[in-house]
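The values are calculated or read from the model by the stated rules, or taken from the named source; none is laboratory data. Please read these numbers as outputs of a predicted model, since none were measured by experiment. Cβ placement follows ideal geometry from the backbone for every residue including glycine, while neighbour counts extend to all protein chains displayed. These accessible areas exclude ligands, DNA and RNA; they are computed on the full protein's heavy atoms, side chains included. Shrake-Rupley method; radii C 1.70, N 1.55, O 1.52, S 1.80 Å.
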Amino acid sequence: LFQELAAQADVRLTSGRYVREFAADRAQDILNAFEGHGYLAEWRRARGLPMRPALAILSASLDFPLPQALAIDERAVLVFTGEYHDRFRAEALRKQGLEVLSAGRDIWAQGEAVLQALAVRGHRAIYAVTGPEVLFTLLTAGCLHRLYLTQALRLLGSEPKTLLPPAPLPRPVDLDLRSLYLDPQAPPGTAQCLGTKGAGE
């Protein structure tokens, strides 16, 4: 599903932090998600779309290297930052072929300004794929239209305290989904799911 959603996007939205971690080989490659699946590439080709969606990077510091794997020669790469950004770093990124744009009144890019700038360039299907900072930016601006959540049925235990005390389990506990219910009577904005998971018979 992640790959199919990525294939439908005009642009993928990510963060400077993700690009830094990807360049240091500490993050999965989620910006080239569907390229190994021929039918998804064919889907884009049949609709006259570029082979790779454009890439938009939100960054306050503008302090990230540009990994070769991002293939900027095959897609547009836009960097959004705040009005009070580092001009020298911005110029260094421009020299690498990136377009650096101010989209905020302080050091941070603002969600509404980012989406407006993307719309002007003809981008309508914008897929935010990384990081709590990007999600926070979109939510605070009221710009999130749909949220996809992936659940892994594994209990780890960690900080902060949630279902378990704030400590990792000696061994992860894997679960199997047994049932999942949606409360159809919940008032708007309070919908909830009840799931049952089993750890063996």
| Given Cα pairs under 8 Å that are at least 6 residues apart, what percent is the relative contact order of the stretch 54-201? | 14 percent
| task | Provide Rg over Rh for the stretch 71-201; use the alpha carbon set for both Rg and the Kirkwood Rh (inverse mean inverse pair distance). | result | 1.11
| field | Taking the stretch 103-165 and dividing mean pair separation by its residue count, relative contact order in percent (alpha carbons under 8 Å, at least six apart) | value | 28 percent
| message | Give me a comma-separated list of calculated 3J(HN,Hα) values for the stretch 37-48, in order, Karplus coefficients 6.51, -1.76, 1.60 applied at θ = phi - 60°, integers in Hz, x for any Gly or Pro. | response | 10, x, 5, 6, 4, 5, 4, 5, 4, 5, 9, x
| query | For the chain, modelled as a GNM with alpha-carbon contacts under 10 angstrom, which of 82, 131, 38 fluctuates the most? | reply | 38
| message | Please list, in order along the stretch 126-133, the HN-Hα scalar couplings obtained from phi with the Karplus expression 6.51 cos²θ - 1.76 cosθ + 1.60 (θ = phi - 60°), rounded to whole Hz, x for Gly and Pro. | response | 10, 10, 7, 10, 9, x, x, 5
| said: Applying a 10 Å radius around every beta-carbon, put 3-10, 39-46, 176-183, 55-62 in order of their mean neighbour count, most first. | reply: 55-62, 3-10, 39-46, 176-183
| task | Among 26, 124, 171, determine the one that fluctuates most according to a GNM of the chain built with springs between C-alpha atoms less than 10 Å apart. | result | 171
| remark: The percentage of the accessible area of the chain (probe 1.4 Å, all protein chains present) made up of carbon and sulfur atoms, to the nearest whole number, is 55 percent
| field | Highest-MSF residue in the chain out of 149, 163, 135 [GNM, Cα springs under 10 Å] | value | 163
| query | For residue 136 and residue 174 in the same chain, what is the full-extension length gain: residue separation times 0.36 nm, less their Cα-Cα distance, in nm? | reply | 10.7 nm
| said: Given R₀ = 35 Å, what would the calculated FRET efficiency be for residue 192 paired with residue 84, taking r from the Cβ atoms and rounding to 0.05? | reply: 0.25
| message | Take residue 163 and residue 124, extend 7 Å from each Cα along the Cα→Cβ direction, and tell me the distance between the two endpoints in nm. | response | 4.0 nm
| request: Taking the Cα centre of the chain as origin, work out the dipole magnitude from +1 charges on Lys and Arg Cβ and -1 charges on Asp and Glu Cβ, in debye rounded to 20. | output: 180 debye
| said: At a threshold of 8 angstrom on Cα-Cα distance, excluding pairs fewer than six apart, so keeping six or more, what relative contact order does the stretch 32-105 reach in percent? | reply: 27 percent
| Accessible area expressed per residue, the stretch 88-159, with surrounding protein chains retained (probe 1.4 Å, Å²) | 70 Å²
| remark: With a Förster distance of 30 angstrom and the Cβ-Cβ distance between residue 183 and residue 154, calculated FRET efficiency to the nearest 0.05 equals 0.75
| request: Compute the FRET efficiency between residue 99 and residue 46 as 1/(1 + (r/R0)^6), taking r as their Cβ-Cβ distance and R0 = 35 Å, and round to the nearest 0.05. | output: 0.80
| request: Would you compute, from DSSP H runs of 4+ residues alone, the mean residue ellipticity of the chain at 222 nm, taking -39500 (n - 2.57) per run and dividing by the full residue count, rounded to the nearest 500? | output: -7000 deg cm²/dmol
